[in-house]
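Peer 1: Below you will find the structure I want to go over with you.
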Amino acid sequence: MKWNARDLVLAALFAALMAIGANITVLIPPVAGVPLTFQPFFAVIAGLLLGSRLGPVSMIVYMLIGLAGVPVFAQMLGGIGVTMKQDFGFILSFIAVAYISGKIVETTPSPSMKHFFLAAYAGLFVNYIIGTHWMYMALNFWINTPIPYWTTWTSMVPFFIKDIIFIFIAALLGERVFYSIYNRQRPAGRSF
């Protein structure tokens, strides 16, 4: 993989946006020990705009900065100890979110708005699958706070409502910015 200076700047920008998205709601108390963040939005946008290679790299950079001790994770946390928290699975999932979102758009010859929606919501689905399963495992096996499997999922409802709305915006924004950045022709028959 060979990246130019622009690519590296974009990866760094999205790593910084993840830190902002993690802490923009720092005054809102966590639900079920998981803080409310705007990180799924930025992870999806990273995938849509940077693609399936550079998007995940930006998420890896964000994660490594936090694991090195810089307080970029939600609630201004950082350090290796975060890996034992119930919400670390969501941080891990952002790598897959960016990859899936980017891959769907990249593999579509002329992506239309529906492809951006598919990519964005597929990324969100991956976020919840990985993150919620990690939370269940963490609470039941190493945090020693047993919780039923379905209770873990129902505790995610407030996040899901927020994310459904923001991922819709991410898909709209991603589609518009994508065609501006890459100077491509939008597919015919677009309704907007």
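Peer 1: Among the residues of segment 24-35, is there at least one that is modelled with pLDDT of 95 or more, of a type in the set (A, V, I, L, M) and either more than 12 Å from the chain's Cα centre (by Cα) or buried (at least 24 other Cβ atoms within 10 Å of the Cβ) (or both)?
Peer 2: no
Peer 1: Select the helices (runs of 4 or more DSSP H) contained entirely in segment 76-192, then report the ones holding at least 2 residues which are touching a residue at least 24 places away in the same chain (Cβ under 8 Å) and crowded, with 21+ Cβ neighbours inside 10 Å.
Peer 2: On the way: elements: 88-106, 113-137, 149-154, 157-182.
Once the helices (runs of 4 or more DSSP H) in segment 76-192 are filtered for at least 2 residues that are touching a residue at least 24 places away in the same chain (Cβ under 8 Å) and crowded, with 21+ Cβ neighbours inside 10 Å, what remains is 88-106, 113-137, 157-182.
Peer 1: For the list (1) of a type in the set (S, T, N, Q); (2) at pLDDT 95 or above; (3) crowded, with 22+ Cβ neighbours inside 10 Å; (4) closer than 30 Å to PHE141 by Cβ, I need the number of the one condition that SER58 fails.
Peer 2: With (1) of a type in the set (S, T, N, Q); (2) at pLDDT 95 or above; (3) crowded, with 22+ Cβ neighbours inside 10 Å; (4) closer than 30 Å to PHE141 by Cβ applied to SER58, the lone miss is (4).
Peer 1: With respect to VAL26, determine if the residue is under 22 Å from MET84 (Cβ atoms), in contact with a Pro (Cβ under 7 Å, 6 or more places away or on another chain) and of a type in the set (A, V, I, L, M, F, W, C).
Peer 2: Against the criterion (under 22 Å from MET84 (Cβ atoms), in contact with a Pro (Cβ under 7 Å, 6 or more places away or on another chain) and of a type in the set (A, V, I, L, M, F, W, C)), VAL26 does not qualify.
Peer 1: Just for segment 37-72: of the residues that are assigned to a loop (DSSP other than H, G, I, E, B) and touching a helix residue (DSSP H, G or I) at 6+ places or on another chain (Cβ under 7 Å), which one is farthest from HIS133 (Cα to Cα)?
Peer 2: VAL72
Peer 1: Quick one: would you say PHE41 is buried (at least 20 other Cβ atoms within 10 Å of the Cβ), in contact (Cβ under 8 Å) with a residue 24 or more places away in the chain and touching an Asp or Glu at 6+ places or on another chain (Cβ under 8 Å)?
Peer 2: yes
Peer 1: Under 25 Å from ILE161 (Cβ atoms), crowded, with 21+ Cβ neighbours inside 10 Å and hydrophobic (A, V, I, L, M, F, W, C): is that true of PHE73 in this structure?
Peer 2: yes
Peer 1: Determine which member of the set ALA19, ALA15, ALA11, ALA46 is buried (at least 20 other Cβ atoms within 10 Å of the Cβ), in contact (Cβ under 8 Å) with a residue 40 or more places away in the chain and either β-branched (Val, Ile, Thr) or within 30 Å of ASN140 (Cβ to Cβ) (or both).
Peer 2: One residue alone meets the criteria, ALA19.
The values are calculated or read from the model by the stated rules, or taken from the named source; none is laboratory data. What you see is a predicted model; the values in this text were computed from it and never measured. When we count neighbours, we look across all protein chains shown, and the Cβ atoms used for this are built from the backbone with ideal geometry, even at glycine.
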